[in-house]
C-alpha cells in the first residue's frame with residue numbers, strides 16, 4: 001500500500017473530523033446527572049429477566065423429565081443432573097448477559 | 001464511581017468516543033444518544049472503578065457493539081445529505097469528503113477510523129471490534145483498497 005494512499009486516508013478523515021470540533025458535548029456534571037437518573041429509575045423488571053426466563057425454562061424441562069421418567073419414586077440421579085444443569089445454565093446466562101450488557 | 005472520578009473519565013474519553021461514533025454512523029444526534037448509552041452501560045456493568053486507560057477501550061467496545069446493533073437493524077447503512085454537519089470553515093469541502101467516506105461500508109469506515117484517527121494497533125482494534133487480529137488485518141487491507149478505488153473515482157480531488 002502506497003504511502004500516498006495512507007496519507008490520503010489520514011487527510012480525508014482529518015478533514016471530516018473538522019466538523020466534530022464545532023459540536024458541543026454535554027458537560028460532565030450534566031452527563032453524570034442524567035446517568036444517575038437513568039440508573040435510579042431503570043425498570044427493575046429488566047434486571048433479572050434473563051435469569052428468570054432461564055430458570056423458568058429449566059423448571060419446564062425438569063417437570064417434563066420427571067413426568068416422562070416417573071417410575072413411582074423420585075430419581076435422585078435425575079434430580080442431581082437436572083439441578084446441576086440448571087445451575088450451570090444460570091451461571092452461563094449471567095455470564096452471557098454480562099457480556100451483552102457491556 | 002463518584003462524580004469526581006466520572007468527570008475525569010468523561011473529560012478524557014467523551015470527545016474521541018463521540019467522534020468515533022459520529023464518523024462511523026454519520027449522524028451526530030445518534031452519536032449523542034449512543035455516547036450517553038456507553039457511559040450508562042459502563043456504570044451498570046459494575047466495572048466503573050477501572051483505570052481510565054482500561055476504561056477507554058472498554059467504552060469503544062461498548063460503542064462498537066451499539067453500532068453493530070444499529071447495523072443489524074438496518075440503520076446507518078446509507079448516508080443522506082444533512083446527516084453530517086458541515087464544517088464552519090469549509091462546508092462544501094467537508095460534505096464532499098463525507099460523501100466519499102460514507103460510500104464505504106460501515107465496517108470499513110469503522111476500521112479506518114480506529115486505525116488512522118485513534119491510531120490503534122491491530123490487536124487493540126481486534127479487542128474493540130471483537131474480531132481476531134488476522135481478520136482485522138484482512139478487513140483493514142480491503143478497506144484501504146476500497147478507499148483507494150473511491151479516491152481514484154473522485155479523480156484525486158480530495
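The values are calculated or read from the model by the stated rules, or taken from the named source; none is laboratory data. Everything quoted here is computed from the prediction, not taken from an experiment. Every residue, glycine among them, receives a Cβ derived from its backbone with ideal geometry; neighbour counts consider all protein chains shown.
At-a-glance table
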item	result
Residue A:50 vs. criteria in contact with a helix residue (DSSP H, G or I) (Cβ under 6 Å, 6 or more places away or on another chain), at pLDDT below 75 and within 12 Å of chain B (Cβ to nearest Cβ)	no
Elements of type helices (runs of 4 or more DSSP H) in segment B:37-144, at least 1 residues being modelled with pLDDT under 90 and at the interface with chain A (Cβ under 9 Å from one of its Cβ atoms)	B:91-101, B:106-112
